[in-house]
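Have a look at the structure below, then the notes.
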Amino acid sequence: MRKSDVLAKLKEFSYDPHEYWVVAGAAMVLYGIREECSDIDLGCMKKLADELEEKGYLYKTGSDGNRCFRIDNDIEIFENWLRDSITHVEGIPVVSLNGLIEMKQELGREKDLRDIRLILAYMQRELTGDQQ
């Protein structure tokens, strides 16, 4: 999914944007760090998780007791998955860059370590104004 695809899918997402935020690869696409992602991962508040459960969405419960919902082939929602803070990109709530780095560090997979390097390079370009 490209940025326009992510934005279009989130515009169709009929839940309160104060109750969720974009994380992982889709966040990187919204920031312009990556061109594409395979799906949209969201973090959400307990209120939204309860609403999804009431509507009958199936979920798995993690070892921390938080729920993970598969909404469709494109959207997965993780209850209480947030580090640092939320910012907005084109009106969409997105985990901060520092929070994204923390999340990727916790996951610790090789692809997450590559993503951290991309995020840090992006932050450096933003800091110096180098648009390369």
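The values are calculated or read from the model by the stated rules, or taken from the named source; none is laboratory data. As the structure is a prediction and not an experimental result, all values here were calculated from the model. A quick note on method: Cβ atoms are made from the backbone with ideal geometry, for glycine too, and the neighbour counts reach across all protein chains shown.
When the residues of the stretch 7-24 are narrowed to those that are in contact with a helix residue (DSSP H, G or I) (Cβ under 9 Å, 6 or more places away or on another chain) and free of Cβ contacts under 8 Å to residues at least 60 places away in the same chain, which ends up nearest to residue 99 (Cα to Cα)?
Result: 19.
Every residue in the stretch 96-129 that is touching a helix residue (DSSP H, G or I) at 6+ places or on another chain (Cβ under 8 Å) and assigned to a loop (DSSP other than H, G, I, E, B), please.
Across the stretch 96-129, there are no qualifying residues.
Within the stretch 53-63, track down each residue that is in a loop (DSSP other than H, G, I, E, B) and either in contact with a strand residue (DSSP E or B) (Cβ under 7 Å, 6 or more places away or on another chain) or touching a residue at least 12 places away in the same chain (Cβ under 8 Å) (or both).
Of all residues in the stretch 53-63, those in a loop (DSSP other than H, G, I, E, B) come to 55-58, 62-63.
Across the stretch 53-63, the qualifying residues are 57, 58, 62.
I need a count of the residues in the stretch 61-104 that are more than 13 Å from the chain's Cα centre (by Cα) and among the small types (Gly, Ala, Ser).
4
For every residue, the table says whether it meets (1) modelled with pLDDT of 95 or more; (2) of a type in the set (A, V, I, L, M); (3) out of contact with any His (no Cβ under 6 Å at 6 or more places or on another chain).
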site	(1), (2), (3)
27	yes, yes, yes
32	yes, no, yes
48	yes, yes, yes
58	no, yes, yes
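Just checking, how many residues over the stretch 16-52 are out of contact with any Asp or Glu (no Cβ under 6 Å at 6 or more places or on another chain) and part of a loop (DSSP other than H, G, I, E, B)?
Residues meeting the conditions: 11.
Could you check the stretch 25-46 and list, in sequence order, the residues that are free of Cβ contacts under 8 Å to residues at least 60 places away in the same chain and exposed (fewer than 13 other Cβ atoms within 10 Å of the Cβ)? Explain how you work it out, then say what you get.
First, pick out the residues of the stretch 25-46 that are free of Cβ contacts under 8 Å to residues at least 60 places away in the same chain: 26, 29, 35-46.
Hits for the stretch 25-46 are 35, 38, 46.
Out of the residues in the stretch 68-110 meeting the condition of being under 18 Å from residue 30 (Cα atoms) and among the basic types (Lys, Arg), tell me which one is surrounded by the most Cβ atoms within 10 Å (Cβ to Cβ).
Per the stated criteria, the residue is 104.
Name the residues in the stretch 1-16 that are farther than 15 Å from residue 52 by Cβ and surrounded by 15 or more Cβ atoms within 10 Å (Cβ to Cβ), would you? Walk me through how you get there before you give the answer.
If we filter the stretch 1-16 for residues that are farther than 15 Å from residue 52 by Cβ, which is where we start, we get 1-12.
Correct list: 1, 3, 5, 6, 7, 9, 10.
Which count do you get for residues in the stretch 111-120 that are closer than 17 Å to residue 26 by Cβ and either out of contact with any Leu (no Cβ under 9 Å at 6 or more places or on another chain) or without any contact (Cβ under 8 Å) to a residue 60 or more places away in the chain (or both)? Reasoning before the result, please.
Of the stretch 111-120, the ones closer than 17 Å to residue 26 by Cβ are 111-112, 114-116, 118-119.
Going one step further and asking which of them are either out of contact with any Leu (no Cβ under 9 Å at 6 or more places or on another chain) or without any contact (Cβ under 8 Å) to a residue 60 or more places away in the chain (or both), we end up with 111-112, 114, 116, 118.
Qualifying residue count for the region: 5.
What tally of residues in the stretch 72-95 results from selecting those that are within 13 Å of residue 42 (Cα to Cα) and either free of Cβ contacts under 8 Å to residues at least 40 places away in the same chain or part of a helix (DSSP H, G or I) (or both)?
Looking only at the stretch 72-95, we keep the residues that are within 13 Å of residue 42 (Cα to Cα), and these are 72, 74-83, 86, 92-95.
Next, only the ones that are either free of Cβ contacts under 8 Å to residues at least 40 places away in the same chain or part of a helix (DSSP H, G or I) (or both) stay: 72, 76, 79-80, 83.
Number satisfying all stated conditions: 5.
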